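The values are calculated or read from the model by the stated rules, or taken from the named source; none is laboratory data. No experiment lies behind these values; they were computed from the predicted model shown. As a convention, Cβ positions derive from the backbone with ideal geometry for all residues, glycine included, and neighbour counts pool all protein chains shown. Heads up: the accessible areas ignore ligands, DNA and RNA and are worked out on the full protein's heavy atoms, side chains in. Shrake-Rupley method; radii C 1.70, N 1.55, O 1.52, S 1.80 Å.
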Amino acid sequence: MSKASIESSSFANIQARFTNRPVRLSVEGLAKSYGSGESRVEVIEDLSFEVHAGEIACIVGPSGVGKTTLLKCLAGLHPLTAGSAAIDGRTIQGPPAEMALVFQDYSRSLMPWLTARQNIRLPLRHLKLGTTEEASRLDEALEVVGLAHAGSKYPWQLSGGMQQRVAIARALAYRPEVLVMDEPFASVDAQTRFELEDLCLQIRQDYDMTIVVVTHDIDEAVYLSDQIVVIGQKPAIVTEILPVSFPEPRSQFSTRALPAFAEARTHVLQLIQQAR
Amino acid sequence: MRVLLATDTTSNKRQRGIPRRALHICLEIGVPIVLLAAWFISSQRSSNPFFPPLAEILNRFHELWLFDHLHSDVVPSMSNLVLGFAIAVLLGVIGGVLLALMRPIAWLADPLIHFWRAVPPVALVPIFVATLGYGNETRLVSIVVAAVFPTLIATVDGLRSVDSGLRDVGRAYNLTFSERLLVVNLPAASPMIMAGVQISLQSAFVVMIASEMMGTSTGIGAMTLLAQQSYASADMWAGILLLGTIGYAANALFEMARARILSWYFKAQKQGAAS
Amino acid sequence: MLKLSRPPRLVFGIVSVVFFLAAWEVIAWSGLLGSSVPAMFTTLSHTFEFLGQANSWAVIGETVAMALSGLLLAIVAGVALGILIGLSATVRHGSKVIVEFLKPVPPIVILPVVVLVLGPTMGMGVFLVFIGCVIPILVQTAAGVVDTDPVALDSARSFGIGKLETTLKVVLPSAMAFIGSSIRITAPIALVVAVVAGLFGGGPGLGRLLMRAASSGQQTEVFSIVLVAGMLGLLFQSISVVAERRVLHWHPSQRVEETR
């Protein structure tokens, strides 16, 4: 497999910020197909990559390449056809307790009959945290996403961006080791998108979370990532794994203006177009 | 089942001036009053045996239902309706949940459910009378059987059509079975379930009357039919008025309850329509 | 995921029907519910016998005729009134309270007076069916008319199309989905009311036959008639669903997978 191609000259100066930290999420030879016999459809042929603790990894690829399928496999929602995925070395068999998900379509991921606060509380109920701990987690999660005042609002009373913030707050309050997001900012406007991207970076900073983002937006992938996993072809394989490094902290203005940013996005764009 | 909740047909978006609105309110209240008055006056000296004066009908209404037959006839009818409806909704929802959860059982039950729902529920009343006798149980059982199917089918359909996104949230966050059922799936299905429950209420009401029209002499339905058969037309009209009022009131109460239970749904829909 | 294809599902269906029939036979045999439950085989053979007689078909025909003519009249009147209510705010508000009051009141409520005036006749049955169906059709039609896309209305107006023509070519087609679904909903109601008219009003058809069989204690006949009524009900349901699809195949509401 055309795995890591760290030798690409322009990225020779990356510092290994995460390689000395343990591997949190590992995917090895993952394959997924639907149906059987004649109607069998192979979506993913062979994917392998590793995400270290505290790292942000973006999975990019042309649309229809099976990114969402991969995510659902990682989240334990779909069984694998072959290979394995593991968190901290433990194979993922069902939805792992250490993982939280943010879905692409916020309108289909928040319960419209629950307020923002109740939605965030939903996955905490069975954890039996005790009222004070639970309340402080809820307050904190709402605070972090900037919705401290909107806890009693229903999702349909909030804008799209705010709804996605609620979904992120729900994931945060769950305190996962790994946060997995499926095209999380695809259906919000550009301004909100920048804000949410920065929120994502800040969360990693504050909680030392490992974050996996599936996106089709190359700029977003380059901006967020420590590592970009480019997948392509049908059925999907890893085209390239690309480490990304910019001066920290990143900012929408300075980071995006770096020549290295432009180089990286051009490189990824080429990869995706070849992979089509 | 499509949830066509024919809510307010009058809500048109165009802005109207205040006098226009006042006129409409006058129309809404005025027309029924005028019609009732017209009925009252035109029937005043009626000698038509079928259409007695409204004054006489109201008089009989007062004599019969307030409160002579209240205890002997109105209360039994109403308690059958309420009890039968409540049991049917409970059974319908529980049965619907079981059928939605256990596919093989649903496959087994599907053909039978679809056949029995197609049978006009009133046609079953004679069978219950024959098997269970003329007692009150017969009436109750008839109501339950007639009213259970709409709720049952709506619950199964509602649960089956819960958005896969919401389901995924429930699974991804490791919600327990009861959380997924009570906090995710049932609320998501509730608009559809409530549409079924409303049909159940109507069926229960029809069969309440029908079961009283078969061979018993107690209950509002029985009294109304007996009045007709003995050409006591004012009594019959009084019965019709009472039944009509009960039918209307039961539905109005239901819609109030639904507006409360599904307030999130109606508000979200309004929000969606506005944007 | 384990997914059973069509044949096993069909097997499940057949199994359940066989199971049901067997349970029926056991109940009849054991006398669990007294002697009032006739044996299954006897009833089924009686039902076939019933369906083999020209007389029975005349009776079924009477019920169907009452249901269909009442429904047809209700469609004509309901659509016309619904358009009127939908188009005119004055009529809409003037009729609001009356319609809201009558909507939840089933026709069985007024059955006594209808029977008193019209007698146990076919006309009584037709009238009762008409009353039972006209209100839902009217309400849905009006809702459909109010729901008409204002853009379509405006463009019709800007082309200088007359009021009547606009109604026929813009308003009516756009209300069609509502009208169609109201007919799908009311068709089974029409059948039920036609049976009720016979059962409690003495009108012709299956209802009266059922009443007579029940009051003379002919249980086999009662069960057979109920089975026939059920089959008729299934027929009405499936025809109305198919008809709605056929008539409205062009309409967007039919393209979206119905939440059924």
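Please report how far the C-alpha centroid of region C:104-139 lies from that of region B:42-73, rounded to the nearest whole angstrom. Answer, in whole Å: 21.
Counting Cβ atoms of other protein chains within 10 Å of each residue's Cβ and taking the mean over peptide C:219-228 gives 3.
Could you check which residue among A:Phe246, A:Phe103, A:Phe185 shows the biggest mean-square fluctuation in a GNM of chain A with a 10 Å Cα cutoff? Judging by the Gaussian network model, the answer is A:Phe246. Electrostatic bookkeeping for B:Gly84 treats Lys and Arg as +1 and Asp and Glu as -1; over the other residues with beta carbon under 14 Å from its beta carbon, the sum is -1.
Largest GNM mean-square fluctuation across B:Ala22, B:Ala38, B:Ala189, computed for chain B with C-alpha springs under 10 Å, falls on B:Ala22. Binning all Cα-Cα separations of region A:221-263 at 10 Å, short to long from zero, yields these whole-percent fractions: 27, 45, 22, 7. The B:Val34 and B:Phe266 beta-carbon pair, evaluated with R₀ = 25 Å, returns a calculated FRET efficiency of approximately 0.15.
Before rounding to the nearest 500, sum -39500 (n - 2.57) across all DSSP H runs of length at least 4 in chain A and divide by the residue total; then give [θ] at 222 nm in deg cm²/dmol.
-9500 deg cm²/dmol
Label separation (C:Val117 vs C:Arg157): 4.0 nm, computed from points 7 Å beyond Cα along the C-beta direction. By the gyration tensor of its Cα atoms, with a ≥ b ≥ c the square roots of the eigenvalues, what is the shape of chain B: rounded for a/c under 1.5, prolate for a/b over b/c, or oblate? Taking the square roots of the gyration eigenvalues as a ≥ b ≥ c, chain B is oblate. The stretch between C:Leu32 and C:Val242, if pulled fully straight at 0.36 nm per residue, gains 71.5 nm over its current Cα-Cα span. Along the axis of the charge dipole computed for chain A (Cβ charges of +1 for Lys and Arg, -1 for Asp and Glu, origin at the Cα centre), the listed residues A:Gly29, A:Leu71, A:Ser245 are led at the positive end by A:Leu71.
Since only C:Val109, C:Leu72, C:Gly86 are under comparison, the one whose Cα sits farthest along the positive direction of the charge dipole of region C:61-180, derived from C-beta charges on Lys, Arg, Asp and Glu, is C:Gly86.
In this label model, B:Ala22 and C:Ala65 are separated by 5.7 nm, measuring between points 7 Å along each Cα→Cβ vector.
Each of C:Phe50, C:Gly125, C:Leu32 was scored by the projection of its Cα onto the charge dipole of the protein assembly as shown, and the greatest displacement toward the positive side belongs to C:Gly125; charges sit on the C-beta of Lys, Arg, Asp and Glu.
With a Förster radius of 30 Å applied to the beta-carbon distance between C:Phe41 and C:Lys103, the computed FRET efficiency rounds to 0.10. The residues of the protein assembly as shown expose on average 46 square angstrom of accessible surface per residue, using a 1.4 Å probe on protein heavy atoms. Separation of region C:179-234 and region B:167-212, taken as the distance between their Cα centroids, equals 29 angstrom. Solvent-accessible area lost on pairing A with B (1.4 Å probe, both sides summed) amounts to about 2200 Å². Multiplying each eigenvalue of the alpha-carbon gyration tensor of region C:50-259 by 5 and taking the square root yields semi-axes of 38, 20, 12 Å, largest first, rounded to whole angstroms.
What is the ratio of the Cα radius of gyration of region C:1-97 to 2.2 N^0.38 Å, where N is its residue count, to two decimals?
On the way: Rg = 24.3 Å, N = 97, 2.2 N^0.38 = 12.5 Å.
Rounded to two decimals, the normalised Rg is 1.94.
Which value at 222 nm does chain B reach when only helices count, each DSSP H run of 4 or more adding -39,500 (n - 2.57), with the total divided by all residues and rounded to the nearest 500 deg cm²/dmol? Only helices count here, giving -25000 deg cm²/dmol. The phi-based Karplus calculation (6.51 cos²θ - 1.76 cosθ + 1.60; θ = phi - 60°) puts the 3J(HN,Hα) values of region C:227-244 at 4, 4, 4, x, 5, 4, x, 4, 4, 4, 5, 6, 5, 5, 5, 4, 4, 4 Hz, whole numbers, x for Gly and Pro. Could you tell me the distance between the Cα centroids of region A:57-97 and region C:142-169, to the nearest Å? A separation of 52 Å, based on Cα centres.
Can you give the FRET efficiency for A:Asn20 and A:Asp206, using 1/(1 + (r/R0)^6), R0 = 30 Å, r = Cβ-Cβ distance, to the nearest 0.05? Don't skip to the answer; put the middle values down first.
Values: r = 21 Å, r/R0 = 0.70.
Result of the calculation: an efficiency of 0.90.
Figure legend: label point modelled 7 angstrom from the Cα of A:Asp139 along Cα→Cβ; residues of region A:172-186 with amide N under 16 Å from it are A:173.
Roughly how big is region C:50-259's charge dipole about its Cα centre, with Cβ charges of +1 (Lys, Arg) and -1 (Asp, Glu), in debye to the nearest 20? Can you show the working numbers first?
Working: 12 positive and 10 negative charges, 41 e Å.
In total the dipole reaches around 200 debye.
Relative to the Cα centre, the charge distribution of region B:54-274, modelled as +1 at Lys and Arg Cβ and -1 at Asp and Glu Cβ, gives a dipole magnitude of about 880 debye. Helix B:75-101 and the long axis of chain B differ in direction by around 20°, with both axes built from C-alpha atoms.
Cross-link pairs exceeding 27 Å in C-alpha to C-alpha distance, out of B:Lys270/C:Lys96; B:Lys270/C:Lys103; A:Lys72/A:Lys153; A:Lys32/A:Lys128; A:Lys67/B:Lys267, comprise A:Lys72/A:Lys153; A:Lys32/A:Lys128; A:Lys67/B:Lys267.
Couplings 3J(HN,Hα) of region C:19-26, computed from phi: 4, 4, 5, 5, 4, 4, 4, 5 Hz, in residue order, whole Hz [Karplus 6.51 cos²θ - 1.76 cosθ + 1.60, θ = phi - 60°; x for Gly and Pro].
Tally up the carbon and sulfur contribution to the accessible surface of chain B as a whole percent, 1.4 Å probe, everything protein left in place. The computed percentage sits at 67.
Between B and C, roughly 5700 Å² of accessible area is buried in total, ligands, DNA and RNA not counted and the probe set to 1.4 Å. Among the protein heavy atoms, those of A:Arg175 account for about 90 Å² of accessible surface (1.4 Å probe, every chain in place). What does a probe at A:Tyr34 reach in region A:68-98, counting residues whose amide N is under 18 Å from the point 7 Å along Cα→Cβ? Label zone hits: A:68-82.
What the Cα convex hull of the protein assembly as shown gives, in volume per residue, is 217 Å³.
Among the residues of region B:80-123, those with an accessible-area drop of 30 Å² or more from chain alone to full protein complex, heavy atoms and 1.4 Å probe, are B:Trp107, B:Leu108, B:Pro111, B:Leu112, B:Phe115, B:Trp116, B:Arg117, B:Ala118, B:Pro120, B:Val122, B:Ala123.
Where the only charges are on Cβ atoms (+1 Lys, Arg; -1 Asp, Glu), what is the dipole of the protein assembly as shown about its Cα centre, to the nearest 20 debye?
Numbers: 61 positive and 59 negative charges, 247 e Å.
My answer is approximately 1180 debye.
For region B:207-225, a reduction of at least 40 Å² in accessible area between the chain on its own and the assembled protein chains (probe 1.4 Å) is found at B:Met213, B:Met214. Taking Cα atoms only, the orientation of helix A:131-144 departs from the longest principal axis of chain A by about 60 degrees.
For region A:115-173, trypsin sites (Lys or Arg not before Pro) are listed when DSSP marks them as loop and at most 11 other Cβ atoms sit within 10 Å of their Cβ; the list is A:Lys128.
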